[in-house]
Every structure is written in C-alpha cells, then in structure tokens.
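Participant: Before I ask anything, let me first share the structure, which is written out below as structure tokens.
The values are calculated or read from the model by the stated rules, or taken from the named source; none is laboratory data. Keep in mind it's a predicted model, so treat the numbers as computed, not measured. Reconstructed Cβ throughout: ideal geometry from the backbone, glycine too, with neighbour counts over all protein chains shown. In case anyone asks, the SASA skips ligands and DNA or RNA and just uses the protein heavy atoms, side chains included. Shrake-Rupley method; radii C 1.70, N 1.55, O 1.52, S 1.80 Å.
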Amino acid sequence: MIPLDEAQAHVRSRCPSPVVESVPLTGALGLVLAEDVVSAEDVPPFANTAMDGFAVRAGDTAGAPVCLAVVGTIAAGAAPDVAVGEGEAVRIMTGAPMPPGADAVVMVERTRVLDDGAGEQVEVEVEVPVGNHVRQAGEDLLAGQLVLAAGIPLVPGRIGVLASVNRSEVRAFRRPRVGVVSTGDELVADGSALAPGQIRDSNRPGLLALVAESGFIPVDLGLVPDREDAIEAALRDGVAGCDAVLTTGGVSMGDFDYVKVVLDRIGDMRWMQVAIRPAKPLAFGTVDGVPVFGLPGNPVSSMVSFELFARPALRAMAGHADVERRRIRAVAATAMPRRPDGKTHFARVVLDESDGAVRVSSSGGQGSHQLTAMAGADGLAVLPDGDGVAAGDQVEVLLLR
Ligand code: AMP
Ligand code: MG
C-alpha cells in the first residue's frame, strides 16, 4: 500500500496543464480567469443620483426648510438638458446623471411639492451637504484600474463586474469535459426488472452529478459489460472526446476485473493500492495523453475516490490553485471506533453546529456498498490508523459541501 498523499501527488503530476481559451461571459461561471482584466472605462461612467428626489445646490438648503423652483426632470438614461441655478432644483430619478450646477440630492421623502400657480416649487425639509446621495464617476472602478487578476475563479459577482466594464468575452481556463463509464456484467441501467444477481447502476449517475457539481462538463459514456473489447471501445471513445475519463469497477482482484487489464494494455498506467478505506484500489494513468481514473466499483468507494483523487486533479486542470476540499477540526459527538490496519479511514459523518461547536456523528451504515450514508454525509471524518476516536475527541473532517 502507498500513502494517500503519494498517490495524490502521482495523479497530479500526470495530469495535463490547464488550457486557455476565449469564452463568452455567459458561459464563464465557475471558470478560472486566465488574464488580468483592466477597466477601459470608469464605473459608474458619470456622476449620478443614488436616490429619487431633487438635485440641488447644497448651499441652497442652508437654513432648511427652504423653497426651490423646480426647473426640470431627469430620468435614468436621459442626458441632462437642464442646469441647476441658485434657488433651483431638478426632479431626478435614481441612476440619472447629475445636472450641471447641482452638487447634492435631497431624497423625495424629505421634500414636498407646492404649486401656487406661479410655477412648481419644492419645499426641502433638510439641510444636505455637498455630495449628498451622489455617486461619483469611477467610484466603483477607475479606467485603467486592474479589475480582476488572472487565477481568480469567476463567481457570479465577478461575472457582473466583468460585464460592468464591457467585457462580453474573457480568457479563461477551459472547463474539463469528463467522461464517465460504468463497468460490470451485473449492472442494469434500463429500468428493467432485476434478474438474479443483477443490481442497478448507481455509480454512473452519481459520478456524472459529482462532475457537474464540481463545475466540469459531464459526458455519459454508458455502461459496458466485463469484456475487454467493450471496455477498450468505451475508453477509446472517451479519450477521443474528453479531457479526462472516469471508469468504475474492474480494478480489484477479481477474475473479471478487465478495466485494469485493458488500461495496462492500451495506456500508460499505474495500479495503486492506497492506504485508505474505503477506496483502496485505484488504477490511474493516461491513454493517448488523456488521464483515466479507474475508480473502484463499490458505490461509496467510487465517490470517495472521486473526492480524493479525481476532483483535486480536475480542478488543477481547470486552473484552480485551490484544489482541495476544506478541512475543519470538529468534536466527535459519539465514538467512532475502528481497528488498526495500516490505513486511514474516511467515515461518512453529519455535522451539527447547533451549539457553537462543530460536532460530528456517523451518517449511517459505513459499508462501502451503503450509499445512503454517503448521500447523507456532510463530510468525511479522517480517522488515522489506530483504534478510532472516543466521544468528545477532536477529529479532522473533510467537508463535502
Ligand atoms: P468491482 O470493483 O467491479 O469488483 O465492483 C465492486 C462492487 O461494486 C461489486 O459489488 C459491484 O457489484 C459494485 N458495483 C460496481 N459497479 C457498480 C455500479 N456502477 N453501480 C453500483 N454498484 C456497482
Ligand atoms: Mg466488476
């Protein structure tokens, strides 16, 4: 058996570097920016009002209440066609440009409109300082300013910022296309009644969902039987159209574990026994330069293996500097016993943060076939080789969400 970090480092070292491409901003969510973006213009582009109200000269509000003559109206989107002179005000809507002469805005709630027949007047109830409710040009971003630096993940707010500086395309690292194939003669995926010995294919839908949730493009490569020719065809199809391929099953010690056999023949592979439980067997290598992860067949193992090996490597291929799930320290709410076996165990746990401290407890049956406990888990408690932890002990938890 080899230590987990050695297996992870091996996988990472064999994965290709991220690829840069131009992408439309509308498709850039979750990608990593591959260029420094400098603003070509001020944001906001002009001084404007933050409130519906009246644009005034601040000095005219001294000694409020005061009455000012209303000399015009400016809507958002309109160019100002009227100036504010001494003793005057212009009705103005949020986002509209400040008219020449005005240096402050009085919100509409602090005003009262009067019309005595001699023209519209506004009574201003409050004295306001210069700049009141005015958003200055460039207050968010100045032309020439670095807006976002290369390497940053494009979260929704950053997509908005890029649009605010008129970027409709950006240079970003390509989103990896990740193919998923299930292998096993016992698997059924067409909804038909189970014949003796058959089970449902749960790995493929689960892994395709993990791929999508991780921000990659899932590609369904189907279900193949335990036959070398079928496995080879699926793999060749996968590496031709994907940036990485995940297989499940067929990498253990069984008589019909042909994934390993095929990968050995057509790829540059390493078959590893990693000192972890679940997910001890891992076949990893490249076929035609494309990384192939031969994940174990047991449903929990395939997901844990994805989390520990595939997700970090694929995130690195997508240009992320930060590839690991967050790890926290928590308190074991109940004992989590185990036996010494030379492996690190990853127990499926739920988090309880109700009383300030973070407490964890088992999310259910811990067998590698018991997917419901994985489905309900917030994290994986890391139990180093030994006898496990007692209730009240500190335990490290790898967060899954
Ligand atoms: P294997 O690694 O092929 O020996 O499979 C290990 C265990 O995982 C066996 O009990 C398989 O039936 C089960 N298994 C393999 N592939 C899947 C799958 N796609 N969905 C659900 N269970 C699977
Ligand atoms: Mg199998």
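Participant: When all alpha-carbon pairs of the chain are counted, what percent fall beyond 40 Å? Could you put the intermediate results ahead of the total?
Facilitator: Working: 33481 of 80200 pairs.
The answer is 42 percent, as a whole percent.
Participant: Here's something else I'd like to know. Against the longest principal axis of the chain, how steep is helix 203-213, in degrees 0 to 90 to the nearest 10, with axes from Cα atoms?
Facilitator: On a 0 to 90 degree scale, this one is about 30.
Participant: Step through the residues of segment 150-165 one at a time and calculate ³J(HN,Hα) from phi using the Karplus curve (6.51 cos²θ - 1.76 cosθ + 1.60, θ = phi - 60°), rounding each to whole Hz and writing x for Gly and Pro.
Facilitator: 3J(HN,Hα) across segment 150-165, in whole Hz: 3, x, 8, x, 8, 7, x, x, 6, 4, x, 4, 5, 5, 5, 9.
Participant: From the phi angles alone, apply the Karplus equation (6.51, -1.76, 1.60; θ = phi - 60°) to segment 248-256 and give each ³J(HN,Hα) in whole Hz, x where the residue is Gly or Pro.
Facilitator: 10, x, x, 10, 9, 9, x, 5, 10
Participant: Still on this structure, I have one more. Give me a comma-separated list of calculated 3J(HN,Hα) values for segment 110-121, in order, Karplus coefficients 6.51, -1.76, 1.60 applied at θ = phi - 60°, integers in Hz, x for any Gly or Pro.
Facilitator: For segment 110-121, the Karplus-derived couplings read 9, 9, 9, 8, 10, 9, 9, x, 8, x, 6, 10 Hz, x marking Gly and Pro.
Participant: If each residue of separation counts as 0.36 nm, what is the full-extension length gain between residue 50 and residue 339 once their alpha-carbon separation is subtracted?
Facilitator: Values: separation 289, 0.36 × 289 = 104.04 nm, distance 6.47 nm.
Full-extension gain reported as 97.6 nm.
Participant: On C-alpha positions alone, give me the angle between the axis of helix 228-241 and the longest principal axis of the chain, in degrees, nearest 10.
Facilitator: Roughly 20 degrees, rounded to the nearest 10.
Participant: Ranked highest first by average number of other Cβ atoms within 10 Å, how do 323-332, 301-310, 54-63 line up? The partial results should precede the final answer.
Facilitator: Details: 323-332: 15.4, 301-310: 26.0, 54-63: 19.9.
Taking the mean over residues of other Cβ atoms within 10 Å, the ranking is 301-310, 54-63, 323-332.
Participant: With each run of n ≥ 4 DSSP H residues scored as -39500 (n - 2.57), what mean residue ellipticity at 222 nm is computed for the chain after dividing by its residue count and rounding to the nearest 500 deg cm²/dmol? Don't skip to the answer; put the middle values down first.
Facilitator: Values: 8 runs with 73 residues, N = 401.
Calculated mean residue ellipticity at 222 nm is -5000 deg cm²/dmol.
Participant: Find out how many positive minus negative residues lie around residue 360, taking Lys and Arg as positive, Asp and Glu as negative, among other residues whose Cβ is under 9 Å from that of residue 360. If you can, show how the numbers build up before the last one.
Facilitator: On the way: positive: 359; negative: 352, 378.
Neighbourhood net charge equals -1.
Participant: When the chain is treated as a GNM, springs tying every alpha-carbon pair under 10 Å, which of 296, 337, 18 comes out with the largest mean-square fluctuation?
Facilitator: 337
Participant: Determine, from the Cβ-Cβ distance of residue 22 and residue 114 and an R0 of 60 Å, the FRET efficiency 1/(1 + (r/R0)^6), rounded to the nearest 0.05. Spell out each step's value before the answer.
Facilitator: Values: r = 58 Å, r/R0 = 0.96.
Rounded to the nearest 0.05, the efficiency is 0.55.
Participant: Ok, one more. Can you give me the Cα centroid spacing of segment 155-181 and segment 189-248 in angstrom?
Facilitator: Using only Cα atoms to place each centre, the spacing works out to 27 Å.
Participant: Label point 7 Å out from residue 130 along Cα-to-Cβ: which residues of segment 36-53 have amide N under 20 Å?
Facilitator: Backbone N within reach: 46-50.
Participant: Once the other residues with Cβ under 14 Å from the Cβ of residue 52 are scored (Lys, Arg +1; Asp, Glu -1), what is the net sum?
Facilitator: Around residue 52, the surrounding residues sum to +2.
Participant: What is the set of long-range amide H partners of residue 42 at a cut-off below 5 Å, with H atoms built 1.01 Å from backbone N?
Facilitator: For residue 42, the qualifying residues are 143.
Participant: Over the chain, calculate the relative contact order: mean separation of alpha carbon pairs under 8 Å at least 6 apart, over the residue count, as a percent.
Facilitator: Numbers: 955 pairs, mean separation 62.7, N = 401.
Computed value for the chain: 16 percent relative contact order.
Participant: What net charge do the residues around residue 189 carry, taking every other residue with its C-beta under 13 Å from that of residue 189, with Lys and Arg at +1 and Asp and Glu at -1?
Facilitator: Working: positive: 200, 204; negative: 185, 186, 190, 201, 220.
Local net charge: -3.
Participant: State in Å² the accessible area per residue of segment 327-399; use a 1.4 Å probe, count heavy atoms of protein chains only, and round to the nearest integer.
Facilitator: Working: 3470 Å² over 73 residues.
I get 48 Å² per residue for this part.
Participant: Would you give the gap between the C-alpha center of segment 74-130 and the C-alpha center of segment 309-387, rounded to a whole Å?
Facilitator: 61
Participant: If we sort 135-144, 30-39, 188-197, 108-117 on the protection proxy, mean other Cβ atoms within 10 Å, highest first, what's the order?
Facilitator: Numbers: 135-144: 15.2, 30-39: 18.9, 188-197: 8.3, 108-117: 12.3.
The packing order, highest mean first, is 30-39, 135-144, 108-117, 188-197.
Participant: So if R0 is 30 Å, what FRET efficiency would residue 79 and residue 40 give, r being the distance between their Cβ atoms, rounded to the nearest 0.05? Don't jump to the answer; show the numbers that get you there.
Facilitator: On the way: r = 21 Å, r/R0 = 0.70.
Working from the Cβ atoms, E equals 0.90.
Participant: Further question on the same structure: If I model a spin label as a point 7 Å beyond the Cα along the Cα-Cβ vector, how far apart are those points for residue 9 and residue 152 in nm?
Facilitator: Going from the residue 9 label point to the residue 152 one covers 3.3 nm.
Participant: Run through all the Cα pairs of segment 1-132 and give the fraction in each 10 Å bin from 0, expressed as whole percent.
Facilitator: So the P(r) values, bin by bin, are 11, 30, 16, 10, 10, 9, 8, 5, 1, 0.
Participant: Moving to a separate point now. Sequence-distant or interchain residues sharing an amide H contact under 5 Å with residue 147, placed H: which?
Facilitator: When sequence neighbours closer than 5 places are left aside, the close amide H contacts are 37, 38, 39.
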